[in-house]
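Reviewing the structure listed below.
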Amino acid sequence: WLLHATGWTIAFVSLGSVVILIAIVAAISVADSPESAGVYSEPSVEKDEPALSIGQRMKLALSSRATWQGFFIHYAGLHANLVFIMMWGVPMMTEAMGFSSAQAGMVLTINSIAMIIVSPFHGRLSSLSGRHRDISAFVLSLLHLLAWLWFFSSPSPRGLAVIIAMMILMALSSPSSNYGFDQIRETLDRNVVATATGLANMGGFTAGMIAAQIFGIMLDKHSGGTAFVWGDFRYAALAVLVVWTIGLLGILITRGGTRPRKIRMETVTED
């Protein structure tokens, strides 16, 4: 609204100002760690404990099954949202489903609002799931996949009400992609938890890039250079299903590696 009313400069400066205000509030009111907030006692650290090199941290993180479970939970839970919201959803709605740009924008807005509403509940669900949060993430992602299959099973384009329902369902399931981060924090030693979390955070975006690219290739192949129609998007959606299946299998394969463990410094050799 601000963009249409005032132009790019004021819209972006206003957005940046809001971000600065949020940063100030966070700096004042958000604790830097559970220890500083008094939730846990400060961990005891031996003064003569050797520091790990970047290579050692990467090696330890990559060798942990918990890291890879976090990777695949993020992979399976997020990528379909990215493919739809960031790339192919708007072209599908406006070119193949007959929606106006305003209707397409409304659909994306509903997804964002729904995500804001449900995300705090996912934090609670992840906490309640404990060591079984990988199963919770798996089930939510599988339900999303089944809904995706149903959505594209129709030989004719779905209506506005159906795609809004899909956006709400997508918002209900996608935040489970963050469950893997909780697995990592509760499993790995503090020395590598950030490194492992960074690696896990690559899961959804890696899968999203791959699926979006294959989606585009299949879209071009099926359309034959003509204007895109609903059948082209139905065909291209198969790309997401293949990538999705790999993510779900990855969650199952990496199960059983999330028991807490500590790094023994004496076992770490120099690279």
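The values are calculated or read from the model by the stated rules, or taken from the named source; none is laboratory data. Values in this document were obtained by computation on a predicted structure and should not be read as measured data. Note that we place each Cβ from the backbone using ideal geometry, even for glycine, and neighbour counts take in every protein chain shown.
Things worth noting here:
- A count restricted to region 109-153 and to residues that are aliphatic (A, V, I, L, M) and farther than 23 Å from G250 by Cα stands at 7.
- Answer residue from region 42-66, given it is in a helix (DSSP H, G or I) and of a type in the set (A, V, I, L, M) and is modelled with the lowest pLDDT among those: I54
- Positions within region 1-29 being modelled with pLDDT of 90 or more and not in a helix (DSSP H, G or I), in sequence order: G7
- Matching residues in region 144-162 - criterion: being among the hydrophobic types (A, V, I, L, M, F, W, C) and either farther than 19 Å from A211 by Cβ or in contact with a Leu (Cβ under 8 Å, 6 or more places away or on another chain) (or both): L145, A147, W148, L149, L160, A161, V162
- Helices (runs of 4 or more DSSP H) wholly inside region 90-196 containing at least 2 residues that are of a type in the set (G, A, S): 101-129, 133-152, 160-173
- Test: residue in region 200-214 that is of a type outside the set (K, R) and in contact with an Asp or Glu (Cβ under 7 Å, 6 or more places away or on another chain): no
- A26 being loosely packed, with under 10 Cβ neighbours inside 10 Å and either of a type in the set (G, A, S) or out of contact with any Gly (no Cβ under 7 Å at 6 or more places or on another chain) (or both): yes
- Some residue of region 169-189 being hydrophobic (A, V, I, L, M, F, W, C), surrounded by 15 or more Cβ atoms within 10 Å (Cβ to Cβ) and within 17 Å of I251 (Cβ to Cβ): yes
- Residues of region 211-231 classified as out of contact with any helix residue (DSSP H, G or I) (no Cβ under 6 Å at 6 or more places or on another chain) and either in a loop (DSSP other than H, G, I, E, B) or buried (at least 17 other Cβ atoms within 10 Å of the Cβ) (or both), total: 4
- Among residues of region 190-205, those that are surrounded by fewer than 17 Cβ atoms within 10 Å (Cβ to Cβ) and under 15 Å from V240 (Cβ atoms), counted: 1
- Failed criterion for A212 (all others in (1) of a type outside the set (S, T, Y); (2) in contact (Cβ under 8 Å) with a residue 60 or more places away in the chain; (3) within 19 Å of S33 (Cα to Cα) hold): (3)
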